[in-house]
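Data block below; observations after.
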Amino acid sequence: MTNSTPTHAPVSSGSFLLGGRSAKGLFTPELFTEEQRMLRQSIRDFLDREIHAHYQLFDSKEGIERGPALLEKMGEMGFLGIGVPEAYGGFEADFRTQLAFGEVAYAAWSFGLTIGVQTSLGIAPLLLYGNKAQKDKYLPGIVSADRKSCYCLTEPTAGSDANSGKTRGVLNEGGTHYILNGQKMWITNSGFADLFFVFAKIADDEKLSCLIVEKDFGGIRLGAEEEKMGIRGSSTRQVFFEDVPVPVENLLGERGKGFKIALNVLNTGRIKMATTVTGTAKRAMGYAARYASERQQFGQTLDQFDAIQAKLSGMAQRIYAMEAIAFRIGGQIDDACAQLIRDGMDPQQAEQKAIASYAMECALAKVHNTEADAWITDESLQVHGGMGYSAETPIETMYRNQRINRIYEGTNEINRMLSIDMLLRKAMKGQLPLLQEATKAHQAIQAGNWLAEGANNERSYLRNARTLALAIMALVGERLLPTLKQEQQLMLALSDVFTELFALESVILRGEQQSKDRPELREALTKLQLVHSRGIIYQSLRTIIPRVAEGSERSQLLDALLQLEGAGMVPVIPTHRTVALAVQEAKGYPFSS
Ligand SMILES: Cc1cc2nc3c(=O)[nH]c(=O)nc-3n(C[C@H](O)[C@H](O)[C@H](O)COP(=O)(O)OP(=O)(O)OC[C@H]3O[C@@H](n4cnc5c(N)ncnc54)[C@H](O)[C@@H]3O)c2cc1C
């Protein structure tokens, strides 16, 4: 396999706020290669047989018991090393292929999480930061599942504030081992793991390091399996380290650089989660569409009712955007990585750097897609009526399972604030001409000549919304920058504006790239995305404006917001009906990949 998709000149992170991006070079599911489609089909067949057919088992601790053997089976079939170099038994696939695979593989009830940790959080530290000896020793075992791995960052007193962990390794007298003591919490796969990537401080260090810890070193004790609301077939325990002797050569990367490793591994986890939930959302939508096509009330099937049609259409609109966002980022990561390799960088470093450079987009995608999935799952349950509340239906399990997605891999609040922080840092360092553009936008609004008209509603809305958002950002930068950390509500709202600008642009570009394939349906989905994004942008900017401006300046900005809101109305009701027809025909999401 692979690296089969051509790469393009990289675009910088955050550049979606500057405009000017064309559909050229955009990666979308429509561009999956034959190889990628075959890979998706083979994992789909495996999971249909092994997991989906008896999903109930994975809603209980029985799923945990089955986990190790199933992982080994996947290892034998080569499914656990998609992004791993061939030299270590993997497929050496590029990042977009890993996402294409993950959308199917990780959307496998609670077993998806078991696979996710083994192939993402439980391998990425080594893959991205390990030295040759460490990789030679451990990678083949993880790829075959002879070794089951887990990622140990969170502690009872260190959750979102992960850097404050107390787990500590102290060098022994001989200088041969770190003696590790501490406690980790909520560790996925820990019940059967034999390899632990542990984030701990060494001696009196203030910063974290990362250690590779084998269970066989001795001194590891596990808590009981947690009783959870959902993902009950996934192992989650506390892990206690009691004088565990860790050889010094098992320090991963540099001492004191563990937090950087933890964060970059979470970047990959976040974008992978954005595709995972796209997969689960498609399943939830499929259940809703099929149920609505069978269940009769008032002498007709539910999907004949206008209200139900709008729900099904809303699901399609969100999934179309989820795909557009996640795969766009996957493509950008590959493009950046390929460029760094062309510039002479070692492939491992290039991958690290490429992923880190899109950390902001990974955070936005995690937030957008997990929240879209939550909405879809909730509405799918609603379409099922009372049956949706019954433990007999799969949507009830999905509803409980999805709730965790907004909590782990960084809560959605933390990810929102992180994205703004990262964007501003980039702008302050001059890596993105955001401040200059923001000042220009503010001047245009003051001059009253900022509204660009265009034949295309969505494009002109996007351009105008970007101008207004940047103008407001100029005021945030000018007036609140030193105290921004205390302005959390503002940061959350700003992050929502940027996320919607990114989502809308991704959907518009996807439609332009695929303009010959089902143009009416794509146009309808783009219009619905406009309505959706516009609503969020309006509410968010209304929250921000009174915080950054007063008097006549505030009135001017609120007027500008009303102008933005009023331009280019969309006939929402018939547009939903158009999309709903396509959903009825497909009995689910109307595009297959
Ligand atoms: C089922 C499950 C599996 C998990 N798997 C793993 C794993 O494999 N490995 C691992 O290391 N961890 C794992 N975790 C831990 C997970 O990553 C953390 O739960 C998550 O990071 C949140 O930390 P916390 O639970 O301590 O919440 P807290 O940090 O206490 O947050 C509580 C609330 O306060 C908010 N908050 C926190 N700080 C701020 C702030 N500065 N400003 C505003 N709001 C704030 C949060 O957004 C949240 O709403 C798992 C958790 C669960 C439940």
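The values are calculated or read from the model by the stated rules, or taken from the named source; none is laboratory data. Values in this document were obtained by computation on a predicted structure and should not be read as measured data. Every residue, glycine as well, gets a Cβ built from its backbone with ideal geometry; the counts of neighbours run over all protein chains shown.
Annotations
- Residue in the stretch 138-147 that is within 16 Å of the ligand (Cβ to nearest atom) and either buried (at least 23 other Cβ atoms within 10 Å of the Cβ) or assigned to a helix (DSSP H, G or I) (or both) present: yes
- Residues of the stretch 414-432 classified as among the charged types (D, E, K, R) and either at pLDDT 95 or above or within 16 Å of the ligand (Cβ to nearest atom) (or both), total: 2
- Test: Gln352 is of a type in the set (S, T, N, Q), part of a helix (DSSP H, G or I) and surrounded by 21 or more Cβ atoms within 10 Å (Cβ to Cβ): yes
- Hits in the stretch 546-567 - residues which are outside any helix (DSSP H, G or I) and touching a residue at least 60 places away in the same chain (Cβ under 8 Å): Ala549, Ala567
- Given (1) closer than 23 Å to Ile271 by Cβ; (2) in contact (Cβ under 8 Å) with a residue 40 or more places away in the chain, number of the condition Thr154 does not satisfy: (2)
- Selection status of Leu180, near the ligand (Cβ under 8 Å from one of its atoms) and of a type outside the set (Gly, Ala, Ser): no
- Among the residues of the stretch 234-245, those that are within 14 Å of the ligand (Cβ to nearest atom) and in contact with a Lys or Arg (Cβ under 7 Å, 6 or more places away or on another chain) comprise Thr236, Gln238, Val239.
- Of everything in the stretch 150-170 that is more than 7 Å from the ligand (Cβ to nearest atom) and touching a helix residue (DSSP H, G or I) at 6+ places or on another chain (Cβ under 6 Å), the residue that is nearest to Ile187 (Cα to Cα) is Ala158.
- Within the stretch 183-207, the set of residues being within 13 Å of the ligand (Cβ to nearest atom) and basic (Lys, Arg) comprises Lys184 only.
The rows are residues; the columns are (1) within 20 Å of Gly588 (Cβ to Cβ); (2) of a type in the set (A, V, I, L, M); (3) within 18 Å of the chain's Cα centre (by Cα).
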{"site": "Ser313", "(1), (2), (3)": "yes, no, no"}
{"site": "Ile329", "(1), (2), (3)": "no, yes, yes"}
{"site": "Ala336", "(1), (2), (3)": "no, yes, no"}
{"site": "Leu340", "(1), (2), (3)": "no, yes, no"}
{"site": "Asp346", "(1), (2), (3)": "no, no, no"}
{"site": "Gln349", "(1), (2), (3)": "no, no, no"}
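- Selection from the stretch 467-496 of residues that are within 16 Å of the ligand (Cβ to nearest atom), among the acidic types (Asp, Glu) and part of a helix (DSSP H, G or I): Asp496
- For the stretch 219-233, the set of residues classified as of a type in the set (Lys, Arg), in contact with an Asp or Glu (Cβ under 9 Å, 6 or more places away or on another chain) and within 11 Å of the ligand (Cβ to nearest atom) consists of Arg232 only.
- Residues being among the small types (Gly, Ala, Ser), within 29 Å of Arg40 (Cβ to Cβ) and surrounded by fewer than 24 Cβ atoms within 10 Å (Cβ to Cβ) - total across the stretch 258-278: 1
- Subset of the stretch 512-538 [touching a residue at least 12 places away in the same chain (Cβ under 8 Å) and of a type in the set (S, T, N, Q)]: Gln513, Gln514, Thr526, Gln529, Ser533
- Every pair of residues 6+ apart whose Cβ atoms lie under 9 Å, when the first sits in the stretch 212-233 and is without any contact (Cβ under 8 Å) to a residue 60 or more places away in the chain and farther than 25 Å from Ile404 by Cβ while the second is among the charged types (D, E, K, R) and in a loop (DSSP other than H, G, I, E, B): Glu214/Arg147; Glu214/Asp194; Lys215/Asp194; Asp216/Asp194
- All conditions but one from (1) of a type outside the set (D, E, K, R); (2) assigned to a loop (DSSP other than H, G, I, E, B); (3) within 16 Å of the ligand (Cβ to nearest atom); (4) not assigned by TED's automatic domain parsing to the domain that holds Ala262 apply to Tyr408; the one that does not is (4).
- Some residue of the stretch 389-396 being within 16 Å of the ligand (Cβ to nearest atom), at negative phi and outside any loop (DSSP other than H, G, I, E, B): no
- The residue that is farthest from the ligand (Cβ to nearest atom), counting only those in the stretch 109-137 that are more than 14 Å from Leu266 (Cα to Cα) and hydrophobic (A, V, I, L, M, F, W, C), is Ala133.
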